[in-house]
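Okay, structure first, notes after.
The values are calculated or read from the model by the stated rules, or taken from the named source; none is laboratory data. Here the structure is a predicted model, which means the values were calculated and not measured. A quick note on method: Cβ atoms are made from the backbone with ideal geometry, for glycine too, and the neighbour counts reach across all protein chains shown.
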Amino acid sequence: MKFAIITHVPHLKENDRLYAYAPYVREMNLWIENVDEVLLVAPTTHLQPNAIHLPYEREVRLMEIPGFNAIGLKAKLSALLKMPKLIRVIYKAMREADHIHLRCPGNVGLLGCFVQILFPKTPKTAKYAGNWDPKSKQPFSYKVQRWILSNTFLTKNMQVLVYGNWPNQTKNIRPFFTATYHDKDKKPVILRTLEGKIKLLFAGTLAEGKRPLYAVQLAEKLIRQGFDVQLELFGDGKERSALQEYIAKNNLENSILLRGNQTKESLQQAYEESHFLVLPSKSEGWPKVVAEAMFWGCVPVSSRVSCVPDMLDYGTRGLLLEINLEQDCENMVALLKAPGEYKNKAEKAVLWSRRYTLDYFESEIKSLLKNV
């Protein structure tokens, strides 16, 4: 089988190997181990690989396209000039492929949604890694991708993998999940107690949409109320300097620590040692950090986005944020004063998350490639 991947994820080249964002590569390595040849339509960057990147585990034929976006007039004009080449490369890959795999939502995925219409007989899958909630506020381009993928007249012979169970979906929409750990990683979890220092963890890009500042302010509010709290932020991004300034201005250097990008192993250790994961994000698909934290008994404290309420069983496996500092701090304080409830949430989180392993994920992918 010749398998074509159409993605917006930037790729890096070093020593004849192709690298990309580690969680994406880990997943794609599972897809491509089941096929004979891999075609990859993706943009590249001249950056050097670092701790958040991984290489593909097998040979991949890169069909390079220029990166583009449509933010601002200049970018829109540039994208229009690049459009003929973009469409030509995507079409060529799809024409060669025995199976087409779209990664959505994204600018390249949007083009892929249109071009795939020309290949109604080719088996296809699409991984929609964003928020599939029909009621959520999303960019217009995301709504277009959702509409095309859901339209069984335009989109034929495709299964669309989405996060969460949503009502009134077309027959090609399939609830799905993602995973980080194998069955063999299920070592015993030592549940934390609420005695001594309370360790909070934020893991993700330091971007405005992830609301890292809200995590800092929530930790600060708990500290001001006399709780011995420490917050570690794993990740990097544009908000880092603003966070550093806020931390210094409010004399929080000893309690709130910016760890930067870290390896999977370092992050796992942080999950195992932390009491809570704080994720006040504005938008998510299936947030891996939530499932990963639960796997190690770290109780999620997350905003009500996408399928997160379902993941947390509407509060029995974690705490749902209202994005109101007073209310969220009050809810956290109540949980910190209820060690039995905290332990119960942690135990339920572990039991639920350990169903969704890479072994299960891999078996589902094999089924998809066989049955499409």
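Among the residues of region 327-372, the one identified as under 16 Å from Ser274 (Cα atoms) and of a type in the set (Ser, Thr, Tyr) is Tyr342. All conditions in (1) at pLDDT 90 or above; (2) charged (D, E, K, R); (3) not in a strand (DSSP E or B) hold for Lys74, with the sole exception of (1).
As a summary of the residue check, Arg317 satisfies the conditions (1) basic (Lys, Arg); (2) modelled with pLDDT of 95 or more; (3) over 20 Å from the mean Cα position of the chain (by Cα) except for the one numbered (3).
Scanning region 141-168 for residues that are basic (Lys, Arg) and surrounded by fewer than 15 Cβ atoms within 10 Å (Cβ to Cβ) returns a single hit, Lys143.
Within region 207-226, residues that are in the same structural domain as Leu194 (by TED's automatic domain parsing) and under 20 Å from Gly285 (Cβ atoms) reach partners that are crowded, with 24+ Cβ neighbours inside 10 Å and of a type in the set (Phe, Trp, Tyr) with beta carbons closer than 6 Å, at six or more positions or on different chains, in the pairs Pro212/Phe202; Ala215/Phe202.
Go through region 98-140 and give me each residue that's of a type in the set (D, E, K, R) and either surrounded by 15 or more Cβ atoms within 10 Å (Cβ to Cβ) or at pLDDT 95 or above (or both). If the condition is that a residue be of a type in the set (D, E, K, R) and either surrounded by 15 or more Cβ atoms within 10 Å (Cβ to Cβ) or at pLDDT 95 or above (or both), then Asp98, Arg103, Lys121, Lys124, Lys127, Asp133 are the ones that fit.
One residue stands out in region 332-372 among those that are more than 21 Å from the chain's Cα centre (by Cα) and of a type in the set (Lys, Arg): the one that is surrounded by the fewest Cβ atoms within 10 Å (Cβ to Cβ), namely Lys370. Every condition in (1) surrounded by fewer than 14 Cβ atoms within 10 Å (Cβ to Cβ); (2) modelled with pLDDT of 95 or more; (3) part of a loop (DSSP other than H, G, I, E, B) holds for Arg95 except the one numbered (3). In region 237-276, the qualifying residues are those that are modelled with pLDDT of 95 or more and among the acidic types (Asp, Glu), and the one that is farthest from Ala291 (Cα to Cα) is Glu245. Note on region 199-214: residues that are of a type in the set (A, V, I, L, M) and in contact with a Pro (Cβ under 6 Å, 6 or more places away or on another chain) total 1.
Conditions (1) surrounded by fewer than 21 Cβ atoms within 10 Å (Cβ to Cβ); (2) under 29 Å from Cys307 (Cβ atoms), marked per residue:
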site: Glu208; (1), (2): yes, yes
site: Gln225; (1), (2): yes, no
site: Gly235; (1), (2): no, yes
site: Lys249; (1), (2): yes, no
site: Asn261; (1), (2): yes, yes
site: Phe276; (1), (2): no, yes
site: Leu279; (1), (2): no, yes
site: Ser283; (1), (2): yes, yes
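Which of the residues spanning region 175-204 are without any contact (Cβ under 8 Å) to a residue 40 or more places away in the chain, farther than 30 Å from Asn254 by Cβ and surrounded by fewer than 14 Cβ atoms within 10 Å (Cβ to Cβ)? Across region 175-204, the qualifying residues are Lys184, Lys187, Pro188.
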